[in-house]
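The values are calculated or read from the model by the stated rules, or taken from the named source; none is laboratory data. Treat the numbers as computed from the prediction; the structure is a model and nothing was measured. Here the Cβ is made from the backbone with ideal geometry for all residues, glycine too, and neighbour counts use every protein chain on show.
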Amino acid sequence: MPSVLAVVPARGGSKGVPGKNLAPVGGIPLVARAVRACRAAALVTDVVVSTDDPAVAAAARAAGAEVVERPAALAGDTATSEAAVLHALDAYEAESGQAVDTVLLVQCTSPFVTAGDIDGVAAPVLRREADCAVTVAPFHGFLWREAPAPAGARGVNHDASHRPRRQDRPQDLLETGAAYAMRADGFRAARHRFFGRVEPVRTDPARVLEVDDPADLARARALAPLLDADAPARQPATGGSDGFPGRADIDAVVLDFDGTQTDDRVLVDADGREFVAVHRGDGLGVAALRRAGLAVLILSTEANGVVAARARKLRVPVVHGTDHKDAALKEWCAEEGIAPERVLYAGNDVNDLPCLRLVGWPVAVADAHPAVRAAARAVTRTPGGAGAVRELAGRILGPEL
């Protein structure tokens, strides 16, 4: 799957609206709204927030993004968004060891950007139908520009002496400022968001708003109850105080294999064949989850016949041999029509962290890596390979399953 990196620039300083990127709209900080839209986009594989501000960084991580610390030289009033995106792109590739195919610029200042808008700009660049893409909205207004006295104002997009009807005028498009997509190699060469063939991607004009001053922020807060109302409704949460969901909270359970369904040890014979041990109770737990109508998937980095054999035994689908588990998980959710926020993912090691950040119900087994336990919403009492999946099923469905 191509690597699509969404970069959200969110520096701490703002003269128009102090602390703007943390300002709540609809009860959610602007930076978190942008991150959530990116994470919900089907084509985005990773989300990074570029910031110089610890509070913004904390809000970004809480929303599920990785954070790139922006140097002071790129955090001033004259720093460009392109410079921040280039820095974040380099930092991400150096940290992940993965080359990015398409890079996106998504602005916090557009509080009503949607996952559809973000996928809309990413798609033509991924298909190589365009070098870059930009969100736009139809615009029918007459623009005027003031000139120094005594010249007075002059028409910009029209002849002031000729006022054609709207349907007789060429269609103008307004750049919304919400989302941009660029071929990563072309962006590095051009060092600008527009190069080569530019694809305009039309968005809903009703959602076009950029927060640049206090009046814009007030307008966004007034509109949020209306524009956020069309977000997918969630079932009431019934999760317990222990952090585990109830059946009504989730539609799917995705299980890591090594270290979650095994004790993370591998026995190797003289011919190089690998053997692992699984817990019979976990099989009972998976069967119960399936009977309850939950989709179940095994997701593993290892390309190993043992993983496929276990999946066949449990009668569940498996995706294994993938270096990008989060991308595979997002693709599976899209194919199954399951919202990531209604997925429980159980894992044990640091390669599970991107998946844990993607889903609504991240769970760690008892002996998981400390970073995984810290990222989890709940932790089992049972270690991996000792019946942790059986415990998990009981927490979801009740101890009498």
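A few points about this structure:
- Some residue of the stretch 166-173 being assigned to a loop (DSSP other than H, G, I, E, B) and in contact with a strand residue (DSSP E or B) (Cβ under 8 Å, 6 or more places away or on another chain): yes
- All of (1) within 22 Å of PRO362 (Cβ to Cβ); (2) at pLDDT below 90; (3) of a type outside the set (A, V, I, L, M) hold for ASP282 with one exception: (2).
- Scanning the stretch 144-158 for residues that are in contact with a strand residue (DSSP E or B) (Cβ under 7 Å, 6 or more places away or on another chain) and either β-branched (Val, Ile, Thr) or in a loop (DSSP other than H, G, I, E, B) (or both), we see that the one that is modelled with the highest pLDDT is ALA153.
- Test set (1) touching a helix residue (DSSP H, G or I) at 6+ places or on another chain (Cβ under 6 Å); (2) surrounded by fewer than 21 Cβ atoms within 10 Å (Cβ to Cβ) - PRO317 fails condition number: (1)
- Failed condition for SER161, given (1) among the hydroxyl-bearing types (Ser, Thr, Tyr); (2) in a loop (DSSP other than H, G, I, E, B); (3) buried (at least 16 other Cβ atoms within 10 Å of the Cβ): (3)
- Matching entry among ASP101, ASP46 (being touching a helix residue (DSSP H, G or I) at 6+ places or on another chain (Cβ under 9 Å), within 29 Å of TRP332 (Cα to Cα), modelled with pLDDT of 90 or more and surrounded by fewer than 21 Cβ atoms within 10 Å (Cβ to Cβ)): ASP101
- Residues (buried (at least 18 other Cβ atoms within 10 Å of the Cβ) and in a strand (DSSP E or B)) located in the stretch 7-27: VAL7, VAL8, PRO9, VAL25
- Out of VAL343, VAL278, VAL306, sole residue that is out of contact with any helix residue (DSSP H, G or I) (no Cβ under 8 Å at 6 or more places or on another chain) and of a type in the set (Val, Ile, Thr): VAL306
- Any hit, the stretch 108-122, residues being part of a loop (DSSP other than H, G, I, E, B) and touching a His at 6+ places or on another chain (Cβ under 8 Å): no
- Residue within the stretch 135-154 that is among the small types (Gly, Ala, Ser) and buried (at least 20 other Cβ atoms within 10 Å of the Cβ) present: no
Each row is one residue, and each column tells you yes or no for (1) touching a helix residue (DSSP H, G or I) at 6+ places or on another chain (Cβ under 9 Å); (2) of a type in the set (Lys, Arg); (3) within 21 Å of TRP361 (Cα to Cα); (4) not assigned by TED's automatic domain parsing to the domain that holds GLU341.
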{"position": "ALA32", "(1), (2), (3), (4)": "yes, no, yes, yes"}
{"position": "ARG39", "(1), (2), (3), (4)": "yes, yes, yes, yes"}
{"position": "ALA72", "(1), (2), (3), (4)": "no, no, no, yes"}
{"position": "SER81", "(1), (2), (3), (4)": "no, no, no, yes"}
{"position": "LEU89", "(1), (2), (3), (4)": "yes, no, no, yes"}
{"position": "TYR92", "(1), (2), (3), (4)": "no, no, no, yes"}
{"position": "GLY97", "(1), (2), (3), (4)": "no, no, no, yes"}
{"position": "VAL113", "(1), (2), (3), (4)": "yes, no, no, yes"}
